[in-house]
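Only one structure is covered here, and it is reproduced in the block below.
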Amino acid sequence: MECFGKEPLSWFYQPAHHRRLRWQQWGSCATVEARASANETGLVITVAHHPPGTSKWNRIEHRLFAFITQNWRGKPPVSHEVIVQLIGATTTANGLDVQCCLDENDYPKAIKISDAEMNAINIDRDPFHGVWNYPILPTSAESDNAIAKSIADDR
């Protein structure tokens, strides 16, 4: 598959949006997804997880949330529909219109990632905080077959 000259991709994960999942479980799922994408496209995917607690540093969220809360003063958020309408009706002082929709997709719960699946990911840890920053390299078809056998043996 030819993908725009094989340029590297960067994925940034912010686990604060996934508070119900333990960090390790969520990070494992995201890493397995990145491995599949690297193998499918043949691209090196650089993953950078934002450290826990850093979501509070997002200035855009802070600036936008101030206008959202002003917009729904005195209007109780009694349903998802009301919340989506109130957020979607928000405009900032600079004229930015907020777009909002309700995500009604079902997402899998209690996903189990085996040690074999995690060990199968071709990770080259970055010297700077390698737990949070790492490229995922594509694996060969032979390697994938050996990995699939190992995973099947684990189950």
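A few comments on the model shown:
- For segment 59-90, taking the residues that are at pLDDT below 85 and of a type in the set (Val, Ile, Thr), the one that is farthest from the chain's Cα centre (by Cα) is identified as Thr69.
- Beta carbons closer than 6 Å, at least 6 apart along the sequence or on distinct chains, pair a first residue in segment 93-109 that is within 18 Å of Phe65 (Cβ to Cβ) with a second that is of a type outside the set (Asp, Glu) and assigned to a loop (DSSP other than H, G, I, E, B) for Val98/Thr90.
- Residues that are within 30 Å of Glu81 (Cβ to Cβ) and of a type in the set (Ser, Thr, Tyr), drawn from segment 96-133: Tyr107
- Tally of residues being of a type in the set (Gly, Ala, Ser) and surrounded by 14 or more Cβ atoms within 10 Å (Cβ to Cβ) across segment 90-113: 0
- In segment 119-137, of all residues being surrounded by fewer than 14 Cβ atoms within 10 Å (Cβ to Cβ) and not aromatic (Phe, Trp, Tyr), the one that is farthest from Leu64 (Cα to Cα) corresponds to Asn119.
The values are calculated or read from the model by the stated rules, or taken from the named source; none is laboratory data. The structure presented is a predicted model; accordingly, all values stated were derived computationally and were not measured. We place every Cβ from the backbone using ideal geometry, glycine too, and count neighbours over all the protein chains shown.
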